[in-house]
Amino acid sequence: MICFLVAADRGDPQVRSLSKLAESLGYAPTLVAGLAALRAERSFTDARRPLVLVADVAGGTLADAALRLAQDEQGRAFVVYVADSLSPDLYKTLVRSQAGEWIAWDTCAQELRDLTRSFASAEPADRSARVVSFLPSKGGVGNTTLALETGIHLSARRKSPMRVALLDLNLQGGTLADALDLTPRFEVGEIIAQPERLDEQLIDVFTSRHTPRLDVFASPPRRLDLGTVPPEIVFTLIDAIAKRYEAVLIDLPHAWVAWVDNVVQGSDAVVVSGGPSVPALRKLTQTLSHCDTLAIPAADLAVAVNACEVDLLGRVTRQAEIERPLAGRTLFRIRRDGAAANGALDAGRSLIEMAPTARISADIKALAEWCGAARNPA
Ligand SMILES: Nc1ncnc2c1ncn2[C@@H]1O[C@H](COP(=O)(O)OP(=O)(O)OP(=O)(O)O)[C@@H](O)[C@H]1O
Ligand SMILES: [Mg+2]
């Protein structure tokens, strides 16, 4: 999510601490000297849902302009006016706009945290794509496989196929493109250097087309410190891609970086993937506890326990052990089928295409249908 910090004096200690606070919440605020300059800023006018922090250190001089911005940008931008006080009338109008909030300097740390959390998880009004994050609880649990196969199913199902983008955020070079025998084309370095270059044409350049309904955005192998990737870049990319598709499926890295939480919070649904062994289930519950702190609505979160062992009849074994720590969660069990999974990888094709009648394919399709569904009832 793209963030702007409007402040006349960027050297002011309060402004500096607000900027640091925003960074600690996963934003990379762009400093702008005033509201007029902000309105003229292309990265602001082009952003799908920018967050604007208006830092008023001069006793309310920016209140009127902040309110006007919230009213003008209703439904697109969200304006947070930070000042010692705000008159009750202006406050009422600001809140009624549903596009702004006032927070006081002395409580801004907690209030901004709460506000950005609900802002990030709010359903954006103007986004067409359903964004689903696949969050691995540990490495090698099949997160990429599940995201990819979900994309294949949603884009190829007979009833209402969707236009799908698969976004591999393993920016050091993931395995998603390779699994479909595609050349990865997303050069994150290019937009880190010049974020304003991320226009429609560059998105085209970054696209690896699998089918007319399924595109992949994946990075070639690069030595890159994930922590140095500005969150803003990630959100701008997701925003830009979301405009073009009906579903955006995100393969998140296993290594945690601050922006991962914000991507998860900003998604319409989250699939936490894990394995069925005792240590893997422990990891899974830890990741789920972390998700609970991010206030993801229960109805928007599913757990995928992948590569479950089966008995001679093909039934998942150790069901009770798997279900116990996951009680109350939406749970999908995906059976282990090494032959189908490896056969697909070796062929550079999807396993549900290669083995459409295998049980593993049926399991993945059930998960995929959940991912493609409209908002689930709580
Ligand atoms: N249900 C399954 N049964 C058998 N093998 C599977 C299953 N799901 C995935 N695999 C295999 O497990 C391996 C790891 O899968 P994948 O790359 O999807 O995991 P990952 O969580 O994305 O790993 P990484 O942490 O490296 O990103 C692959 O060889 C894949 O084919
Ligand atoms: Mg992976």
Original post:
Given R₀ = 41 Å, FRET efficiency for GLU196-SER17 by Cβ-Cβ distance, to 0.05?
Top reply: 0.90
Subject >> Neighbour net charge for ARG359 - beta-carbon separation under 11 angstrom, K R +1, D E -1 >> reply: +3
**OP:** Please grab the % of Cα pairs in the range 3-121 that end up more than 17 Å from each other.
**Re:** 49 percent
**OP:** Set the Förster distance to 56 Å, then compute FRET efficiency between THR93 and ASP346 from the Cβ-Cβ distance, nearest 0.05.
**Re:** 0.35
Original post:
Label ALA320 and ASP106 with points 7 Å out from Cα along Cα→Cβ: what is the distance between them in nm?
Top reply: 5.8 nm
Subject >> Cβ-based charge dipole, the chain, positive-most Cα from CYS308, PRO13, ALA247 >> reply: CYS308
Subject >> Long-range amide H partners of SER273 with built H, under 5 Å >> reply: LEU135, SER137, ALA304
**OP:** Determine the calculated [θ] at 222 nm for the chain from helices alone, applying -39500 (n - 2.57) to every DSSP H run no shorter than 4 residues and normalising by the residue count; nearest 500 deg cm²/dmol.
**Re:** -12000 deg cm²/dmol
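Between ALA362 and LEU31, 0.36 nm times their residue separation minus their Cα-Cα distance comes to what?
114.2 nm
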Subject >> Per-residue HN-Hα couplings for the range 138-151 [Karplus 6.51, -1.76, 1.60; θ = phi - 60°; Hz; x = Gly/Pro] >> reply: 7, x, x, 8, x, 4, 5, 4, 5, 5, 5, 5, 4, x
Original post:
In sequence order, what are the phi-derived ³J(HN,Hα) couplings for the range 169-183 according to the Karplus relation 6.51 cos²θ - 1.76 cosθ + 1.60 with θ = phi - 60°, rounded to whole Hz, with x for glycine and proline?
Top reply: 8, 7, 6, 7, x, x, 10, 5, 4, 4, 5, 10, 6, 10, 8
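At most 12 other Cβ atoms within 10 Å and a DSSP loop assignment: could you name the chymotrypsin sites (Phe, Trp or Tyr not before Pro) in the range 60-100 that fit?
none
Which percent of the accessible heavy-atom area of the range 130-372 goes to carbon and sulfur, probe 1.4 angstrom? All intermediate terms of the calculation are to be shown ahead of the outcome.
Values: 5350 of 10190 Å².
Carbon and sulfur atoms account for 52 percent of the accessible area of the range 130-372.
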**OP:** Check the straight Cα-Cα distances from LYS243 and name the lysines below 27 Å, setting aside those fewer than 8 residues away within the same chain.
**Re:** LYS159, LYS365
**OP:** Give me the accessible area per residue for the chain, probe 1.4 Å, as a whole number in Å².
**Re:** 44 Å²
Original post:
Quick one: with all protein chains in place, what share of the accessible area of the range 3-121 is carbon or sulfur, to the nearest percent (1.4 Å probe)?
Top reply: 50 percent
Subject >> Vicinal HN-Hα couplings computed from phi for the range 258-269 (Karplus, 6.51 cos²θ - 1.76 cosθ + 1.60; Hz; Gly/Pro x) >> reply: 3, 6, 4, 4, 5, 5, 4, 5, x, 8, 7, 8
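Let me spell out the model: positive unit charges on the Cβ of Lys and Arg, negative unit charges on the Cβ of Asp and Glu, origin at the Cα centre of the chain. What dipole size does that give, in debye rounded to 20?
Computed about the Cα centre, the dipole is about 1180 debye.
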**OP:** Would you work out which of GLY343, ALA355, TRP370 lies farthest towards the positive end of the dipole of the range 320-374, given +1 charges on the beta-carbon of Lys and Arg and -1 on that of Asp and Glu, about the Cα centre?
**Re:** TRP370
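The values are calculated or read from the model by the stated rules, or taken from the named source; none is laboratory data. Here the structure is a predicted model, which is why all the values come from computation and not from measurement. Note that each Cβ is placed from the backbone with ideal geometry, even for glycine, and that neighbours are counted across all protein chains shown. Surface accessibility is based on the protein's heavy atoms, side chains included, excluding ligands, DNA and RNA. Shrake-Rupley method; radii C 1.70, N 1.55, O 1.52, S 1.80 Å.
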